[in-house]
Every structure is written in structure tokens, then in C-alpha cells.
Amino acid sequence: MKTLAGRSSKLMAMNSTLSVIGCGYLGATHAACMSSLGFTVIGIDTDPNKVEMLSRGELPFYEPGLDTLLEQEIKSGRLTFTTDFSAVADADVHFVCVGTPQSKDGLAADLTYVRSAVSAIAPYLKEGALVVGKSTVPVGTAQSLRDQLAVTAPHADLAWNPEFLREGFAVEDTLTPNRLVVGVANDRAEEILKDVYSQIIALGTPWIRADLPTAELVKVAANSFLATKISFINAMAEVCEAAGGDVTVLAKAIGYDPRIGSRFLQAGIGFGGGCLPKDIRAFMARAEELGAKQALEFLREIDAINLRARQRVIDVVRSDLSENLTQYKIAVLGATFKPDSDDVRDSPALDIAAQLHAAGANVVVHDPKGIEPARKRFPNLSFAESVSECVKDADLILHLTEWREYRELDPSVIGQLVKNKIIIDGRNALDRDLWRSNGWKFHALGRTD
Ligand code: UDX
């Protein structure tokens, strides 16, 4: 049998084993997708509950399409999960997919999980094994882990292969990514990764070989660019509000220029989630350590514009209702940081709901998938199981996550349930003319009319 350890051998998909360390959002997706390509995959996680659920074919979070893929791959027998790190001994390639959250005492990323994952697998790595980091890390981390492995498992190597998957499109982005980026220190590591991804490369996917630091930087640069684009349009929204313009028309007009492009120019309450906010902060912290603080100073402003968007919505609520919100019921549509996800990490929607609640308003939140995670984070907020229950007798509706269900609401039906027909569209996703023609007072960020 040909194995990855052989220098010139080609990886045979059906008889090669991969391990995935960390089975959260990224790891569970990667494990199921790699299994669907024909590999035997061992998923390792320290959380026994998560391992138990995944082993039963149940996803601990919501991601369209991943539930059926997971079930199918578990049934195939190729995909297994365990808490036992010694299980990685069978694998040739090890993907490290653990989290790198913002540290509790600053902007930097907390690397505890990445470091302990690499330490935990080191004793079990076989001759020629390749450890492949996928987690988003500060530049320089990969080299330091490679140095660490040179001592603890000198017969193994380490590469970095950042992921760019979006929640809501995780399977699609893993199996048909718009590029594959690998940071390697030698040709052999690149060849192994080319073998692993051969079916994806065969689709014509661009392949980019980089050195370790560049591969790490690609990920944070991409997320910083995306965050900048969103904050740019939200800055334009502020100017439009001051000047009497309409940011949705402005975005459409500038987006036709192919150098600018129309995507990620949706003005509103800004970005959240487990990646963009913490990645730009960690990038700033790392640049400062490297003596390049000034180069990323603009990201501080990107972060500030983003957080200001949340405040601007609250200002509109106060101007529509009153400075004192204690008498009012506010119906919040949306808790997750974006639609088609149950992720409420750093969700602008939930932050706004919590701030209004803290200001004394009677806030009731609805979300198609995110109620349970939102309740865990903010147990004092009130939640409704249906839109009708949420908006009943409301003085104002806040549309904060653009779920399809909300975009398809019938304003005449909703109008019969509320106390006041006032709606604020925090995502610029509703049909303003339709709502207005049904007698609603309609506000949106960046649109003065
Ligand atoms: C992001 C990156 O897109 C992905 O490549 C990376 O791997 C992980 O981080 P994700 O966190 O799933 O993915 O969300 P994304 O689709 O990028 O949206 C981020 C946030 O920006 C959401 O809160 C979304 O509502 C907001 N957003 C997006 C806007 O406010 N306006 C836009 O025009 C686009």
C-alpha cells in the first residue's frame, strides 16, 4: 500500500487516513467533507458531549447541508469521532482546526488550544506524518509550532492551510473553494497536500503555494479586507444620513465598477461572528508586536465604525419612540450574526437587543435558528417562538438579521398584530416601498428618505 510517508507516492484516497483535531464549526465541516472525498477520517475533540453527538451523526450547531453530509459519512463507516488522542496514530495527515478566540485580557488571539492540540498529538505521530494547521493564527505561530515539533516529533513536518469558509456555505466552501492556499517549508509537504486535495484541484481550483508566514497572513488579510469593505459602506451610510443621501443607491452605483465590485457593500448594523471582529483585533495586536503597528492603525477605525453602527440603530429607535424606552415593547427580528446560521458570537443583532433591554425597553427576540444559543448568552432577554408572538402589540419592529423568512413577511398581516406600524431595517434587506404602501413608518440605516 502506498502511503504519504513515501516521498514519491501518490495518496490513495480510499486507503489513507486523516485526523481532524478540534470538531467545532471548522473541524466538523472539514472532517465530513474529507470523508465524503473517500478518506478515512478520525475526528478528535476534548468535549465528550460533542463527540457523542457527532458520532450519532448529529450536528451540535446549525449549518445547511452539513447535517445530511455528516449522517451519510458516519453511515459510510469512514468517519469516526473520539476524545482519545492516541487514535491519531493511524493517520498520515493531521488537520488542526481548534479555535483561536480573542484573549480575555486584550486584543490578541488566545493560542492555548492550538498549542495544546499540537502537543497532544506529537507523541502519536508516525514517520512522515504531516500536521496541517487550519486555525486562524497570528503570523509566526506556524514556524514556532514547527520548531516545537522538530523537538517533540522530529520525524513529522508541519504546514499551514488556512480556510476561508463562510458560515451558511461551509460545505460548498470546503469542497469547491475559490482557492487553496498552502504554506509549506518544503516540496514534500506541498505534494502531500496536493494529494489530499487532488479531487478539488481537478475542478480547476487555483492552488497557491506560500511560505508559512504568508499563508498565515493571507487569512487575516482577507478577513481584514472584507471587514474594511463593510465598514467602508457603513461609513458612507453615516455620510448619506448627514447629507440626505441613500447608501443603497450609492452602493449599487459604485459596485458596477469591477474594480470595486458589488459584494460586501450591504450597509447596516455591521459585521459580527466568530471571525471578522476577533481577527482584525488579533491582527492589530500582532502587527504591534512586530513593530508594524502603524500599518494596521486603520483597522482600529474599521472596528469603531462597525461598533458605531449598532449605536446608530439605537439612536433611531430613541428618535422614533422616546429617550426613555421603559414604556415600549420592541420586537427584534434576528439574533444570529447572519442568516442561515445559529451562531450568535459577537452578533450585532443580539448586542443591540441586549442594549435596548438594559435601557429598560420590553425587548422580545425572535430568530429561526438562534434562540437557544441566544438565550444561553443573554438569559434575561425574552424570546418568542414565532414572528407573530414576537411582534404582537409591539411599538416598534427592529429587523436585524436578514433571514429569508423576514424578507418574505407580509406587511399587511404584520400590521394587524402590532401596536404601532414602525419598522427599522437594520440590514437594508426589506422592500421599503411595500412596507410604506401598507402604512408603515419605515427607517433604514443610511437612507434619509
Ligand atoms: C468570514 C469570512 O467571510 C470567511 O471567509 C472566513 O473564513 C470566516 O469569516 P463568516 O464569519 O461566516 O465568514 O461571515 P461573513 O459572510 O463574512 O459575514 C460576516 C459579517 O458581516 C456578518 O455579520 C454579516 O452580516 C456582515 N456583512 C456581510 C455585512 O454587514 N455587510 C455585507 O455586505 C456583508
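The values are calculated or read from the model by the stated rules, or taken from the named source; none is laboratory data. Not measured: the values here are computed from a predicted model. No Cβ is skipped: glycine too gets one built from the backbone with ideal geometry, and neighbour counts run over all protein chains shown. Heavy atoms of the whole protein, side chains included, go into the accessibility calculation; ligands, DNA and RNA do not. Shrake-Rupley method; radii C 1.70, N 1.55, O 1.52, S 1.80 Å.
Some observations on this one:
- Only protein heavy atoms count here; on that basis, with a 1.4 Å probe, Arg308 has an accessible area of about 90 Å².
- Exceeding the 27 Å Cα-Cα cut-off - candidates Lys329/Lys369; Lys126/Lys219; Lys338/Lys421: Lys126/Lys219
- When both region 108-139 and region 164-198 are represented by their alpha-carbon centers, they are found 17 Å apart.
- Cα centre as origin, Lys/Arg/Asp/Glu Cβ charges: the chain dipole, Debye: 400 debye
- Taking the protein heavy atoms of the chain in the context of the full set of protein chains, the accessible area attributed to carbon and sulfur is 53 percent at 1.4 Å.
- Distance between the 7 Å Cα→Cβ label points at Arg318 and Asn186: 6.2 nm.
- Considering only Ala153, Gly204, Gly415, the residue lying farthest towards the positive end of the dipole of the chain is Gly204, judged by Cα position with unit charges set on Cβ.
- Proximal aspartates and glutamates relative to Lys75, as straight alpha-carbon distance under 13 Å, when same-chain residues fewer than 8 apart are discounted: Glu58, Asp67
- Over region 212-449, equivalent-ellipsoid semi-axes from the Cα gyration tensor in Å: 32, 21, 16
- Accessible area expressed per residue, region 237-305, with surrounding protein chains retained (probe 1.4 Å, Å²): 53 Å²
- With contacts taken as Cα pairs under 8 Å at a separation of at least 6 residues, the chain carries a relative contact order of 12 percent.
- Neighbourhood charge, 9 Å Cβ-Cβ cut-off, centred on Arg166 and excluding it, Lys, Arg +1 and Asp, Glu -1: -2
- Lysines whose Cα lies under 20 Å from that of Lys252, excluding same-chain neighbours fewer than 8 positions away: Lys229
- Mean Cα-pair separation over length for region 5-149, i.e. relative contact order, pairs under 8 Å, 6 or more apart, %: 25 percent
- Between the amide H of Val131 and those of His94, Asp157, Leu158, Ala159, distances stay under 5 Å, these residues lying 5 or more places away or on another chain, with hydrogens modeled in the peptide plane.
- Projected label distance in nm at Ser76 and Glu52, using a 7 Å step from Cα toward the beta-carbon: 2.7 nm
- Take every pair of alpha-carbon atoms less than 8 Å apart whose residues are at least six positions apart; their mean separation over the length of region 170-254 yields a relative contact order of 27 percent.
- The Ala210 and Gln294 beta-carbon pair, evaluated with R₀ = 35 Å, returns a calculated FRET efficiency of approximately 0.90.
- Prolate/oblate/rounded label for region 1-152 (Cα gyration tensor, a/c 1.5): oblate
- Scanning the chain for DSSP H helices at least 18 Å long along the axis (C-alpha atoms) with a Kyte-Doolittle mean no lower than 0.0 picks out 212-243.
- Between Lys194 and Arg375, the modelled label-to-label distance comes to 5.3 nm, taking each label 7 Å out from Cα in the direction of the beta carbon.
- Accessible area of region 17-210 divided out per residue, in Å², using a probe of 1.4 angstrom: 38 Å²
- Phe164 accessible area, 1.4 Å probe, all protein chains in place, Å² to nearest 10: 50 Å²
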